[in-house]
1. Of the conditions (1) in a loop (DSSP other than H, G, I, E, B); (2) under 18 Å from the mean Cα position of the chain (by Cα); (3) under 21 Å from residue 78 (Cα atoms), residue 89 fails just one. Which one is it?
2. Outside any loop (DSSP other than H, G, I, E, B), without any contact (Cβ under 8 Å) to a residue 24 or more places away in the chain, open to solvent by 60 Å² or more (accessible area, probe 1.4 Å) and not basic (Lys, Arg) - does that describe any residue in the range 122-138?
3. Which condition from (1) under 14 Å from residue 6 (Cα atoms); (2) modelled with pLDDT under 90 is the one that residue 17 breaks?
4. Would you tally the residues in the range 107-117 being open to solvent by 60 Å² or more (accessible area, probe 1.4 Å) and without any contact (Cβ under 8 Å) to a residue 40 or more places away in the chain?
5. Checking residue 117 against (1) assigned to a loop (DSSP other than H, G, I, E, B); (2) touching a His at 6+ places or on another chain (Cβ under 6 Å), which test does it fail?
6. Hey, does the range 59-70 have a residue that's open to solvent by less than 40 Å² (accessible area, probe 1.4 Å), among the hydrophobic types (A, V, I, L, M, F, W, C) and in contact with a strand residue (DSSP E or B) (Cβ under 8 Å, 6 or more places away or on another chain)?
Amino acid sequence: MASPEALVSALADPDRLQLFARICTAPEGFEAGPATAKLAKRLVDAGLVTVADGRYRAVPEVFRDALAKAPADPLDALFRRGRLVSIPHSGRRRQLLLEYLAERFEPGRLYTEQDVREKLSMVHDDHATLRRYLVDQGLLQRSNDGGAYGRPSEARVAG
């Protein structure tokens, strides 16, 4: 679930905001294409937009879900404006943080190292440390050849 800050951050760029508006007003979905792919990627990563059958579609319930988050979330203190400002050294909060970050990776999908870097860089500059922690905790696995990452069962299959 995206935080309100993450949603606002994804919409803070005027070009992305304009694309999101165009997607929202397209009843049959907005046609995906190479010209919009880079802008749309951030919207998709934030959960604001889905892409299927070559069309982008808005996900309006993401706003409701973001606001429904419990106010006493122990991870809130770790983030400012949607960015991770502190990585706990150990303990329950670190485990919760890593589980939260693992949710950015869809079950059943494989990711390249570049994909993992991009997803984690959206949260914190030290993406390599976060990736290592995710792998160390078994929340993300690297394939035997090092070329693919995924949730534990998916990475083993890639091999």
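The values are calculated or read from the model by the stated rules, or taken from the named source; none is laboratory data. Since the model is a prediction, treat every value here as computed from it, not as a measurement. Note that each Cβ is placed from the backbone with ideal geometry, even for glycine, and that neighbours are counted across all protein chains shown. For the accessible areas, the whole protein counts, side chains as well, though only heavy atoms, and no ligand, DNA or RNA atoms are used. Shrake-Rupley method; radii C 1.70, N 1.55, O 1.52, S 1.80 Å.
1. (2)
2. yes
3. (2)
4. So the answer is 4.
5. With (1) assigned to a loop (DSSP other than H, G, I, E, B); (2) touching a His at 6+ places or on another chain (Cβ under 6 Å) applied to residue 117, the lone miss is (1).
6. Pass one, the range 59-70, residues open to solvent by less than 40 Å² (accessible area, probe 1.4 Å): 59, 62, 66.
Filter again for among the hydrophobic types (A, V, I, L, M, F, W, C), leaving 59, 62, 66.
Adding the requirement that they be in contact with a strand residue (DSSP E or B) (Cβ under 8 Å, 6 or more places away or on another chain) leaves 59.
Yes, some residue in the range 59-70 is open to solvent by less than 40 Å² (accessible area, probe 1.4 Å), among the hydrophobic types (A, V, I, L, M, F, W, C) and in contact with a strand residue (DSSP E or B) (Cβ under 8 Å, 6 or more places away or on another chain).
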